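Undergrad: Take this structure, written in structure tokens, and hold onto it; I'll ask about it next.
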Amino acid sequence: MNEVKIETTLQVFDSITELPQDIQTLMDKASEARNKAYAPYSKFNVGAALLLDNNEVVTGSNQENASYPSGLCAERTAIYYAGAQFPKAKFLKMAIIAGSKINPTTEPIPPCGACRQAIAEYEVKQEQPIELYFMGETGKVVRSNSLANILPLVFDKSAL
């Protein structure tokens, strides 16, 4: 038997105000998108903003429906729209803000597993990492320089 140790390094900022101005702006766009979420069932609103290499910013919010949980997360809403509208663009940075309408959300909320897989697909496709920033409604912001830091054993096209 062999043992494999996987470690990751993330940066944690005490608040959004510690971030560079361009990232604060991206986080603001994620917050605006969060306000447009349709989450009547989970009461958990998420917004995402995706910066592309053509300087476009694509946003998305989670969208639920009565056959819950068959809606779509904010991250994938933004990713799939960007992929459809700007198929040649590379994804540089993604900001994510999440919060519950039931309980205060002060801890950083990372992308769910399905969203991690979708982000991984684009990192592999573009052969370049996507910088991620995520937080709750308030409080600390986590930065990962690549999706690989939060999904180290990625399943991708090389396995097919």
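The values are calculated or read from the model by the stated rules, or taken from the named source; none is laboratory data. What you see is a predicted model; the values in this text were computed from it and never measured. Note that each Cβ is placed from the backbone with ideal geometry, even for glycine, and that neighbours are counted across all protein chains shown.
Each row is one residue, and each column tells you yes or no for (1) in contact (Cβ under 8 Å) with a residue 24 or more places away in the chain; (2) surrounded by 17 or more Cβ atoms within 10 Å (Cβ to Cβ); (3) farther than 20 Å from Ser61 by Cα.
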position	(1), (2), (3)
Ala98	yes, yes, no
Pro104	yes, no, no
Pro111	yes, yes, no
Gln117	yes, no, no
Ala120	yes, yes, no
Glu123	yes, yes, yes
Ile130	yes, yes, no
Tyr133	yes, yes, no
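Undergrad: For a quick check of your reading: which strands (runs of 3 or more DSSP E) sit entirely within region 1-110 and have at least 1 residues that are farther than 25 Å from Lys125 by Cβ, within 17 Å of the chain's Cα centre (by Cα) and modelled with pLDDT of 95 or more?
TA: On the way: elements: 11-13, 44-52, 57-61, 91-100.
Ranges flagged: 11-13, 44-52, 91-100.
Undergrad: Sort out which residues of region 111-132 are touching a Ser or Thr at 6+ places or on another chain (Cβ under 6 Å) and not in a strand (DSSP E or B), and write them in order of number.
TA: Within region 111-132, the subset touching a Ser or Thr at 6+ places or on another chain (Cβ under 6 Å) is 129, 132.
Pro129 - this is the single residue of region 111-132 that is touching a Ser or Thr at 6+ places or on another chain (Cβ under 6 Å) and not in a strand (DSSP E or B).
Undergrad: In region 86-96, what count of residues is obtained for those that are more than 12 Å from Val57 (Cβ to Cβ) and out of contact with any helix residue (DSSP H, G or I) (no Cβ under 9 Å at 6 or more places or on another chain)?
TA: Residues of region 86-96 that are more than 12 Å from Val57 (Cβ to Cβ), as a first pass: 87-88, 90, 96.
Applying the additional criterion that residues be out of contact with any helix residue (DSSP H, G or I) (no Cβ under 9 Å at 6 or more places or on another chain) yields 87-88.
Going through region 86-96 one residue at a time, the tally reaches 2.
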